[in-house]
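The values are calculated or read from the model by the stated rules, or taken from the named source; none is laboratory data. What you see is a predicted model, and the numbers here were worked out from it, not measured in a lab. Every residue, glycine among them, receives a Cβ derived from its backbone with ideal geometry; neighbour counts consider all protein chains shown. Please note that ligands, DNA and RNA were not included when accessible areas were found on the heavy atoms of the full protein model with its side chains. Shrake-Rupley method; radii C 1.70, N 1.55, O 1.52, S 1.80 Å.
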Amino acid sequence: MNQLIEIIAGLIAVIFIFAPHEFAHAFVAYKCGDPTAKMQGRMTLNPIKHLDPAGFLMCAVVGFGWAKPVPIYPGNFHKYRKGLFCTAIAGVVTNYIIAFIAYPLYLVVLNYLYYANIDFFYSNEWLDALVKILYYAFFFIYAYGLGIVVFNLLPLYPLDGFRVVESFTREVNPVRRFLRNYGQYILIVLILESFLCDMLIRYTSLPYVSYFDILGWLGWFAKNIVGFPITAFWNWIFGIPIPFL
């Protein structure tokens, strides 16, 4: 039952992560002079327009997935470099703001709704499941959102981080060309390496394998470094001890 609850909460979280992320790309691109996404119906918060079915399920089940990339034609930007940079970071900035909002909602539901009435929810199975879905969803929106922020800023094609590199470099730049030509292959290697490490940790007695999980380290960085201002601020507001590294 708990596993089903987490999957449902994960599906809800993915919608609130990916749809605003892609909308932000489309909206900022439009404001910078490129109407391509708007003309194709992508400047909307409707998740159906943005979610890729396979990427949607993958993210909800294993914590890694993808959405349909928003079509952008940088040649339409009023100022090429500024437009490319602003459009590139729009998605991750939006995810960070959403994570900032989701974390206190998670605290409220967990501490002031669920724990404060735990006996009542234990005696009402469906209400218990509903509230668990709610606080898991808020937590996943926070946690997955931070993961998306860090992962998407990797300077590898086709991630947003590569678009940031594009905004600061010329097309003939050898590093940019390398990241453009081989970035997707590096991503595949990183994902497979992380999956292998996870399998080894689960089914063998080799706990030190986790030290070689590169994406795992990125997840740690997202939670403990990128997310620290959010948890520190809201824990202080709620009077919860702040977890220092």
Kyte-Doolittle cut-off -0.5, length cut-off 27 Å along the helix's own axis using Cα: show which whole DSSP H helices in the chain pass. 2-31, 80-107, 125-152, 174-203
At 1.4 Å probe size, with the rest of the protein present, what percent of the exposed accessible area of the chain is carbon and sulfur atoms? 69
Matching label for the computed semi-axes √(5λ) of the Cα gyration tensor in Å, out of (1) 30, 22, 17; (2) 33, 23, 17; (3) 63, 14, 13, is (2)
Charge-dipole axis of the chain as Lys and Arg at +1 and Asp and Glu at -1 on Cβ define it, positive-most pick from 159, 236, 9: 159
Given contacts defined as C-alpha pairs under 8 Å and at least six residues apart, what's the relative contact order of region 2-133, whole-number percent? 29
Mind checking region 102-193 for GluC sites (Glu not before Pro) that DSSP puts in a loop (not H, G, I, E or B) and that have at most 12 other Cβ atoms within 10 Å? 171
Under 15 Å from the Cβ of residue 5, count the other residues' Cβ atoms, weight Lys and Arg +1, Asp and Glu -1, and hand me the total. -2
Could you work out the relative contact order of region 101-196, using alpha carbon pairs under 8 angstrom and six or more residues apart, expressed as a whole percent? 21
Hits among aspartates and glutamates - C-alpha to C-alpha of residue 82 under 17 Å, sequence gap 8 or more where chains match: 34, 160, 166, 171
When the Cα centres of region 121-174 and region 180-208 are compared, how far apart do they sit, in Å? 19
Loop trypsin sites (Lys or Arg not before Pro), region 22-118, which have at most 12 other Cβ atoms in a 10 Å radius of their Cβ (DSSP): 79
Quick one: length gained pulling residue 127 to residue 214 fully straight, 0.36 nm per residue minus the C-alpha distance? 27.4 nm
Subtract the Cα-Cα distance of residue 45 and residue 196 from 0.36 nm times their separation in residues, and report this length gain in nm to one decimal. 50.8 nm
Where in region 176-214 are there trypsin sites (Lys or Arg not before Pro) that are in a DSSP coil and have at most 12 other Cβ atoms within 10 angstrom of their Cβ? none
Need one word for region 101-222: rounded, prolate or oblate. Basis is the Cα gyration tensor (sqrt eigenvalues a ≥ b ≥ c); a/c below 1.5 gives rounded, then a/b vs b/c decides. oblate
Rolling a 1.4 angstrom probe over the protein heavy atoms, how many square angstrom per residue are accessible across the chain? 58
